[in-house]
Amino acid sequence: MTRTMMTGVALLVVVAVGTYVLARDDGNDSPATELSGDDRSFESNDWMKRACALPEDELVRIRRGHHRVHSEDVTIVPLPPNYSGSFRVTSHSGPWHYLQNVPLVLYGPGHIRPEGRIEGEVSITDVYPTVGHLTGIDLPARTGKLLRAAVGAKATSPKLIVTIVWDGVGRNVLERWEGRWPTLERLEREGASYLDAVVGSSPSITPATHASLGTGSYPMEHGVTAIEYRASDGKVRGVFPGKDPSDLQLSTFADEIDLALGNEPLVGMLAWKNWQMGMMGHGSAHEGGDADQLALASGHGFAGNNAFYSTPRYLKRFPGLEGRAEELDLEDGEADGRWRGHDILDQHDNPAWVNWQTDAAIEMLGREGYGTDDATDLFFMNYKPTDIVGHQHNMDSGEMGDTLEAQDAALGRMIDFLDERVKDYVVVLTSDHGNTPPTERTGAWPVLQGQLQASIDEHFDVPGKKSLVRSTSAVGPFLDRRVAKELGVTPADVAEFLNGYTVRQNFKEPELPRGYEDRGDENVLAAAFPSDRIDSILRCARNS
Ligand SMILES: [Zn+2]
């Protein structure tokens, strides 16, 4: 069955493994058209042929996201709208427009020109030279280009620049929830809003794109490729272990501006976890740098890393979360500790966390005196709840609408605070990636990573408890290089196998989920290839 045939019909999809059935008409609001792939099976499993046939702009994004040391060994590109994940939990790592296109809105009376909505592709890496321009400081040249339409010819040196990331809120989430973000809409009208902004690299994932925003370059240069990361010693581990910024191989605009102004500026970040560190920078790990303020969510407070950063004492256990939770709890008239059926304090995925985090940020800005002297201060925030909602409940859920609305109201509070207390400021609002619509809407096959690993091991007759896969990721496996060597299996061999990989092979139950019974022969992936061959693949695509 072709993609086009799938979209017009009501889809029945078994959620999880055959336990219950969700029925839903995907109506005519149809991103499935924008997501649609072409044929769902291919003639060749040759990795070069398959990869070379990918659209050039997608290959360019994969190239920018690839680092020769740190990236996965085999890159997979699911056949759109397929994605890595499960029926219940989506992911958002890929080169496609719906994940790449994010808001990029600059606002600041007297600093940012009221240009309104602006068309034409720009990148979140362009924030770096633009902040440099605003502050009048010559930053080391990077990939990013000045957002010329947004700023005047000369530096205007605002007292404070606040960069806010709404995690996982790509343009596709804004479009899905139109009317729920009136504050951002106002900033779009009264500031400069780049409608075609992209994160510009794949995997489109939190640590990588935050680092691109901070450094004005892509992972191929700054080195922060993803959450899972192959270190220089060959081991696969999480990025920024122990909140140590060393994985970030380039300085950020905050590092450079702080240093250029003799560490006079206040630099700080209040965010969710170490995945966002690349947005702010290295603290005192940057030569000549000082201990910038780092506040990452930790229990009912915020913590940093005293080796390179400082954290205000009053943030370590910051009061008010219970009050914010109660407020949300009572919205439905029932005091049961729950919101939309979920425990409020259990996960950072609801408006109570948004409001509490905003309370803490405003407290921090006020008490530390951000924006009160002439040296431009820099403050960074990440709102993670929208991303967690996207994974846990999906972007079409009521949870997303409510949480997005709460983040927008928080933006309104922040602007009010800045108008009253700082007066002379710039706000940059963007996101680190879009969000994947649920399978009920798109008919996607979720590429089940556990099964993919099992299939690879089965195909290559991997003995006993060993596995060829050291770690899976949404954009492909890290191989266990020792096992691969023992068995004589190369990344190219694994890629070739995956190029023939079907829906049937990717599901271990005897019966395929309802709605997919006739789709067993479909290819799951558009292409799989050895990651380190991306340059020659891109050359091939450009020549054909
Ligand atoms: Zn995420």
Fill in the blank from the handout: Exactly one of Asp416, Asp402, Asp387 is out of contact with any helix residue (DSSP H, G or I) (no Cβ under 9 Å at 6 or more places or on another chain) and either closer than 27 Å to Met279 by Cα or modelled with pLDDT under 95 (or both), and that one is Asp416
Problem - Hits in the stretch 305-351 - residues which are touching a residue at least 24 places away in the same chain (Cβ under 8 Å) and of a type in the set (A, V, I, L, M, F, W, C) - result: Ala307, Phe308, Leu315, Phe318, Leu321, Ala325, Leu328, Leu345
Completion exercise
The helices (runs of 4 or more DSSP H) lying wholly within the stretch 382-453 that contain at least 1 residues that are within 15 Å of the ligand (Cβ to nearest atom) are 385-392, 398-417
Completion exercise
Flagged in the stretch 136-152 as assigned to a helix (DSSP H, G or I) and either surrounded by 24 or more Cβ atoms within 10 Å (Cβ to Cβ) or within 16 Å of the ligand (Cβ to nearest atom) (or both), in numbering order, are Ala150
Problem - The listed residue being of a type in the set (Gly, Ala, Ser) and in contact with a strand residue (DSSP E or B) (Cβ under 6 Å, 6 or more places away or on another chain), out of Ser455, Ser536, Ser473 - result: Ser473
Problem - Those residues of the stretch 153-184 which are small (Gly, Ala, Ser), within 16 Å of the ligand (Cβ to nearest atom) and open to solvent by 10 Å² or more (accessible area, probe 1.4 Å), in sequence order - result: none
Practice task
Could you look through the stretch 333-381, keep only residues that are in a loop (DSSP other than H, G, I, E, B) and of a type in the set (Ser, Thr, Tyr), and pick out the one that is surrounded by the most Cβ atoms within 10 Å (Cβ to Cβ)?
Solution key: Thr376
Completion exercise
Taking the stretch 56-68 and keeping residues more than 16 Å from the ligand (Cβ to nearest atom) and either surrounded by 22 or more Cβ atoms within 10 Å (Cβ to Cβ) or not charged (D, E, K, R) (or both) leaves Leu59, Val60, Arg61, Ile62, Arg64, His66, His67
Problem - Restricting the stretch 286-314 to residues that are assigned to a strand (DSSP E or B) and not aliphatic (A, V, I, L, M), the residue that is farthest from the chain's Cα centre (by Cα) - result: Ser310
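Return the total of residues in the stretch 86-114 being small (Gly, Ala, Ser), within 16 Å of the ligand (Cβ to nearest atom) and crowded, with 23+ Cβ neighbours inside 10 Å.
Result for the stretch 86-114: 3.
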Problem - Residues that are away from the ligand (no atom under 14 Å from the Cβ) and either of a type in the set (Gly, Ala, Ser) or under 28 Å from Asp480 (Cβ atoms) (or both), drawn from the stretch 69-85 - result: Val69, His70, Ser71, Glu72, Asp73, Val74, Thr75, Ile76, Val77, Pro78, Leu79, Asn82
Practice task
Please determine, by comparing only the residues of the stretch 454-489 that are open to solvent by 40 Å² or more (accessible area, probe 1.4 Å) and assigned to a helix (DSSP H, G or I), which one is farthest from Ile76 (Cα to Cα).
Solution key: Glu486
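Can you spot a residue in the stretch 299-320 that is surrounded by fewer than 20 Cβ atoms within 10 Å (Cβ to Cβ) and closer than 25 Å to Leu146 by Cβ?
no
Kindly indicate which of Gln249, Gln276 is surrounded by fewer than 24 Cβ atoms within 10 Å (Cβ to Cβ), touching a helix residue (DSSP H, G or I) at 6+ places or on another chain (Cβ under 6 Å) and under 20 Å from Pro129 (Cα atoms).
The conditions single out Gln249.
Test Arg539 against the criterion of being closer than 14 Å to Ala51 by Cβ, free of Cβ contacts under 8 Å to residues at least 12 places away in the same chain and open to solvent by 10 Å² or more (accessible area, probe 1.4 Å), and give yes or no.
Working: closer than 14 Å to Ala51 by Cβ: yes; free of Cβ contacts under 8 Å to residues at least 12 places away in the same chain: yes; open to solvent by 10 Å² or more (accessible area, probe 1.4 Å): yes.
The answer is yes for Arg539.
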Practice task
Could you please give the count of residues in the stretch 186-242 that are open to solvent by 10 Å² or more (accessible area, probe 1.4 Å), more than 16 Å from the ligand (Cβ to nearest atom) and acidic (Asp, Glu)?
Solution key: 4
Fill in the blank from the handout: How many residues of the stretch 121-166 are on the phi < 0 side of the Ramachandran plot, more than 21 Å from the chain's Cα centre (by Cα) and hydroxyl-bearing (Ser, Thr, Tyr)? The answer is 3
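The values are calculated or read from the model by the stated rules, or taken from the named source; none is laboratory data. Just so we're clear, the structure is a prediction, and the values are computed from it rather than from any experiment. Cβ: placed from backbone, ideal geometry, glycine included. Neighbour counts: every protein chain shown. When the accessible area is computed, the model is the full protein with side chains, heavy atoms only, and any ligands, DNA or RNA have been set aside. Shrake-Rupley method; radii C 1.70, N 1.55, O 1.52, S 1.80 Å.
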